[in-house]
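One structure is given below, encoded as structure tokens.
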Amino acid sequence: MIATEQAAAPDDIRPRLAAEAIIEVHRESIGTIRRALHAGVSDQQVAVRASGAAREAFALLASGLIDYAARPSDEPAGPRPAMNTR
């Protein structure tokens, strides 16, 4: 549907990437809801957490994950802390 609406060429990967990104945001939102319910939080807090997760995910996508994997040349390799604004 995205490819058709955007009149994308058959070899254009952007429609598939966009669709997969939207699906992953949905999955992360569902995961957030499940974790919140398992933790016994209130319905209102479940909604706050889920909408926050979706906003964060779409903001990361909108920025192109510009800073996610960027590492200054003088920074040693290794794990970086997760971004968590919830």
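Of note:
- Long-range neighbours under 7 Å by Cβ, at least six apart or interchain, first residue within 11 Å of Ala57 (Cβ to Cβ) within region 3-27, second not in a loop (DSSP other than H, G, I, E, B): Ala21/Leu61; Val25/Ala54; Val25/Ala57; Val25/Phe58
- Residue check for Ala77: of a type in the set (A, V, I, L, M), surrounded by 13 or more Cβ atoms within 10 Å (Cβ to Cβ), modelled with pLDDT under 95 and in a loop (DSSP other than H, G, I, E, B): no
The values are calculated or read from the model by the stated rules, or taken from the named source; none is laboratory data. Being a predicted model, the structure only gives us computed values, none of them experimental. Every residue, glycine among them, receives a Cβ derived from its backbone with ideal geometry; neighbour counts consider all protein chains shown.
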